[in-house]
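Quick notes on the structure that follows.
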Amino acid sequence: MHFIAYCFGVIFLTACDQQESLPITGSPSGPYHMTVRTLPSLPVAGQETIITTQLNYAKNGKPVVDLDVLHQRLVHNFITQLDFTAFAHIHHEDFSPLTDIQKENGTLSFPYTFPSNGIYRMVSEFTHQKRSWTKHFDISVGENNATPPVLQKKVSHSSVIGDYHARLSYADEKLMEKKSTVLEILISRKNVPVNNLKLHLGSEAHVAIWRTDGKNFGHTHSYTPKMRELMGEMKHSDQMGIHSKKAMRSMMYTVMSMPEELMFKGPIVPLLHTFPETGIYKIFIECAPDGLPIVFDFTVDVGSEKHNSSDSGLQHH
């Protein structure tokens, strides 16, 4: 497979001298087979890498050509170094419109510059026939990556990016596994609450979550009144029981397919997530004050002991 050097409207002068990597197969397995290739074959920190995804049906190898467009993109890619010191939410369409050839081949590409050497986890999320799927890839950047990264597991509910400060909070005394939980992010700039949040890719917040062992990836968005209403209907119709996963997938597709509407201008944006297991989790939240995307990051501890919810409202940690 040859990389088309002009796919982003830029001539990559060194492309002819470089070799694309062997395909990395995404996990878990399932009805879809997705691979990733990089150019150059061994990415190096600080140098632009072209990442190419290929999506096919597992049963016959034919490309998947009719993906659903959700939040303005066909495939959402989330990249983090496995010590969680770097993060990116990135898509093909950020750099170039899709061509007919790319649609027919089920192939998408985008440039990314890895900030440092190490092992990176990339999760690609796509939606087909009203159901979303994820594929996970590990990409080695630079050499000598045999030593596991040193993880920063200290809990942090505060994040500062330039003049912006964000605080993560929740009503319960402690986050619990397998419990649907409303989180809130409070954003200020120079100690003044912001009220100028804009929609970014169709939402006030894009959230990516990993446990610090790289497992239990989650992707969610702002918890809108419509989502709350649909979840209430699911509870009322007893769909939150044995069929909860199917009902939740259907509900999420319905919400993400709705016309875009700004619901939260700030300073608070609510989020909804269920942590599947105990452990330390890294949370990346992308918001756009005044239309400028900013990524805040937090570290939370999720336990298994049951605690009563606080009656005094939201507690800030």
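The values are calculated or read from the model by the stated rules, or taken from the named source; none is laboratory data. Fair warning: this is a prediction, and the values are worked out from it, not measured in the lab. With ideal geometry, Cβ positions are generated from the backbone for all residues, glycine too; neighbour counts draw on all protein chains shown. These area figures cover heavy atoms from the full protein model, side chains too; ligands, DNA and RNA do not enter into them. Shrake-Rupley method; radii C 1.70, N 1.55, O 1.52, S 1.80 Å.
General remarks:
- Residue match in the stretch 110-126 (condition: of a type in the set (Phe, Trp, Tyr), within 17 Å of residue 38 (Cα to Cα) and in contact with a Pro (Cβ under 7 Å, 6 or more places away or on another chain)): yes
- Inside the stretch 106-163, residues that are without any contact (Cβ under 8 Å) to a residue 24 or more places away in the chain and under 18 Å from the mean Cα position of the chain (by Cα) make up a count of 0.
- Extreme residue, farthest from residue 89 (Cα to Cα), among residues of the stretch 119-134 that are among the hydrophobic types (A, V, I, L, M, F, W, C) and touching a Leu at 6+ places or on another chain (Cβ under 9 Å): 119
- Residue satisfying condition, being out of contact with any Leu (no Cβ under 9 Å at 6 or more places or on another chain) and surrounded by 15 or more Cβ atoms within 10 Å (Cβ to Cβ), within set 96, 116: 96
- Flag for residue 77 being touching a residue at least 40 places away in the same chain (Cβ under 8 Å), open to solvent by 40 Å² or more (accessible area, probe 1.4 Å) and polar (S, T, N, Q): no
- Test: residue 207 is of a type in the set (A, V, I, L, M, F, W, C) and closer than 29 Å to residue 149 by Cβ: yes
- Criterion (under 29 Å from residue 274 (Cα atoms) and out of contact with any Asp or Glu (no Cβ under 7 Å at 6 or more places or on another chain)) met by exactly one of 141, 64, 69: 69
- Candidates 83, 17, 68 - the one that is modelled with pLDDT under 95, touching a strand residue (DSSP E or B) at 6+ places or on another chain (Cβ under 6 Å) and open to solvent by 30 Å² or more (accessible area, probe 1.4 Å): 68
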